[in-house]
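Visitor: Handing you this structure, nothing more for now.
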Amino acid sequence: DGCIKAVGQADVIRSQFSGATFERIIDCSGKCVLPGLVDAHTHPVWAGDRVHEFAMKLAGASYMEIHQAGGGIHFTVEHTRNATEEELFNTFKHRLERMRRAGSTLVECKSGYGLNLETELKMLRVIERAKRSMDIGISSTYCGAHSVPKGKTAAEATDDIINNHLPKLKELKLSGEIDVNNIDVFCEKGVFDLESTRRILQAGKDIGLQINFHGDELHPMKSAELGAELGARAISHLEEVSDEGITAMARAKCAAVLLPTTAYMLRLKQPPARKMLEEGVIVALGSDFNPNAYCFSMPMVMHLACVNLKMSMNEALAAATINAAYALGKSDTHGSIETGKQGDLVIINASRWEHLIYQFGGHEALIDYVIVKGKVVYQNERCGTMSSY
């Protein structure tokens, strides 16, 4: 059934299953077996990359300057609106395969490059199709409030989402066509203010979606306080979170999804991971894979979290497994190697698990197998022929 039957010392397991036969046995002598990695924040469905903007960023243009020059989200929105569902699915599938090869077995996937009902639904259908056809766990997120569409005010966009988008999502959920898990809003100065964010998140919660949103990234917005008050499952970014927000999140058991790639690429100040950990906040990690932060690799995210966010390797591994699963409401089934949990595993060619973080960008040679629901979904062709040292 794809679930873990037993965990324990080798001799105990051997005697317990002495009469059993197995389709396949993997020799992990001298290797490490880890829980499958969980990527708690991605934007993987879009068309039209933004490689040309990287040079602008390097030359000093800010996120908002690029946005105002017709780049950023609006550039991607235009290309995504023009792409067919088939084109979007094919690129999305390829990206998920790359994530899986880097050890991710459960990925949160957002819409949000449509900003109109038709394209948002197109993106959500693409995510649903991957959910049903691919061997990888997916938590899907409706992020129609990712930006204010051209020609609309934030207030008009908010009303459109509440009056048109969410009722349609509820209808499609009831008919079994699309099963969305989370609702997301980009709560930010010049995008959706606190009151608009509150209205959208509450309306999403009312139709049964978990609240999991972008907050306190570029400006202090009191997003963390709002999320704690609304019973949010998770809030992402939090580079500009207030001390009060951290306390509120700890009390509400609201996970902080930190995205070290974004702070690194945009040269923002790093989110206060140490303070959060000291205050008892559940800290998770995500790659924030999107055209602005093109990173598929949770091992690289963990490395950045250790170096730039000053997390320990143990904290980073927990943040990329059990805590990231918690941020998606799935820690009862995913994120650790325990009896009864889903058999999602990563086997690395090293005698110490820390190599997965220590070897920056080294996951391609390190990861021998990725297993989802007890099935080998990736095997490194060089498996067994090389040492990771």
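The values are calculated or read from the model by the stated rules, or taken from the named source; none is laboratory data. Given the structure is predicted, the values throughout are model-derived calculations rather than measurements. Every residue, glycine among them, receives a Cβ derived from its backbone with ideal geometry; neighbour counts consider all protein chains shown. Protein only, heavy atoms only, side chains kept; ligands, DNA and RNA dropped before computing areas. Shrake-Rupley method; radii C 1.70, N 1.55, O 1.52, S 1.80 Å.
Visitor: Would you work out what percent of the accessible area of the chain, with all protein chains in place, is carbon or sulfur (probe 1.4 Å)? Each step should come with its number before you reach the end.
Guide: Details: 8270 of 16370 Å².
Answer for the chain is 51 percent, counting heavy atoms of protein chains only.
Visitor: Give the ranking of Lys152, Lys330 by solvent-accessible surface, highest area first, calculated with a 1.4 Å probe.
Guide: Lys152, Lys330
Visitor: Residues with amide H under 5 Å of Ala350's amide H, sequence separation 5 or more or different chain, H placed in the peptide plane at 1.01 Å from N; which?
Guide: Long-range HN contacts for Ala350: Cys32.
Visitor: For n ≥ 4 DSSP H runs only, could you compute -39500 (n - 2.57) per run for the chain, divide by its residues and tell me the 222 nm figure to the nearest 500? Please list the in-between numbers first.
Guide: On the way: 18 runs with 156 residues, N = 389.
My calculation for the chain gives -11000 deg cm²/dmol from helical runs alone.
Visitor: Related question: Whole number in Å², please: accessible area per residue of the range 278-389, 1.4 Å probe, ligands, DNA and RNA not counted. Please report the intermediate quantities before stating the final value.
Guide: Working: 4450 Å² over 112 residues.
Ligands and nucleic acids excluded, the result is 40 Å² per residue.
Visitor: If one takes the longest principal axis of the Cα atoms in the chain, at what angle in degrees, from 0 to 90 and to the nearest 10, does the Cα axis of helix 85-101 lie?
Guide: Helix 85-101 and the main axis of the chain meet at about 40 degrees.
Visitor: Pick from Thr105, Thr153, Thr321 the residue whose mean-square fluctuation is largest in a GNM of the chain, springs joining Cα atoms under 10 Å.
Guide: Thr153
Visitor: Taking θ as phi - 60°, what are the ³J(HN,Hα) couplings along the range 158-171 by the Karplus curve (6.51, -1.76, 1.60), each to the nearest whole Hz, with x for Gly and Pro?
Guide: So the Karplus estimates, Gly and Pro as x, are 4, 4, 4, 5, 6, 8, 10, 5, 5, x, 5, 4, 4, 4 Hz.
Visitor: Here's a follow-up. If you add up the charges near Asp216, with Lys and Arg at +1 and Asp and Glu at -1, over every other residue whose beta carbon is less than 10 angstrom from its beta carbon, what do you get? Can you show the working numbers first?
Guide: Working: positive: Lys222; negative: Glu188, Glu217, Glu225, Glu239, Glu240.
Value of the local net charge: -4.
Visitor: Ok, one more. Just Tyr358, Tyr142, Tyr369 to compare: in a GNM of the chain, with alpha carbon springs under 10 Å, which one fluctuates most?
Guide: Between Tyr358, Tyr142, Tyr369, it is Tyr358 that shows the largest mean-square fluctuation.
Visitor: Between 0 and 90 degrees, rounded to the nearest ten: what's the tilt of helix 243-252 against the longest Cα principal axis of the chain?
Guide: Its long axis makes an angle of about 60 degrees.
Visitor: Tell me the accessible surface of Val307 in square angstrom (1.4 angstrom probe, heavy atoms of protein chains only), to the nearest ten.
Guide: 90 Å²
Visitor: Packing-wise, with mean Cβ within 10 Å as the measure, how do 225-231, 19-25 rank, highest first? Could the numbers behind the result be given before it?
Guide: Numbers: 225-231: 20.1, 19-25: 6.6.
Most protected by this proxy first, the peptides run 225-231, 19-25.
Visitor: Now for a separate question. Tell me, what is the 1.4 Å probe accessible area of Ser29, in Å² to the nearest 10?
Guide: 90 Å²
Visitor: Of all DSSP beta bridges located in the chain, what percent are antiparallel, nearest 5? Don't jump to the answer; show the numbers that get you there.
Guide: Numbers: 14 of 40 bridges.
Here the share of antiparallel DSSP bridges comes out near 35 percent.
Visitor: Can you list residues from other chains, or at least 5 along the same chain, whose modelled amide H is less than 5 Å from the amide H of Tyr378?
Guide: Close amide H contacts, sequence-distant or interchain: Val370.
Visitor: Could you rank Lys93, Lys170, Lys310 by how accessible they are, 1.4 Å probe, largest area first? Mind showing how you got there, number by number?
Guide: Numbers: Lys93 75, Lys170 100, Lys310 135 Å².
Output order, biggest surface exposure first: Lys310, Lys170, Lys93.
Visitor: For the range 23-178, what Kirkwood radius comes out of the mean inverse Cα-Cα distance, in Å? Can you show the working numbers first?
Guide: Working: mean 1/r = 0.0575 Å⁻¹.
Mean inverse Cα-Cα distance, inverted, gives 17.4 Å.
Visitor: Now a separate question. Using only Cα atoms and rounding to the nearest 10 degrees, what angle (0 to 90) does helix 117-133 make with the longest principal axis of the chain?
Guide: Orientation of helix 117-133: about 10 degrees from the principal axis.
Visitor: On to the next question. Return the whole-Å distance between the Cα centroid of the range 52-98 and the Cα centroid of the range 36-50.
Guide: The distance from the Cα centre of the range 52-98 to that of the range 36-50 comes to 11 Å.
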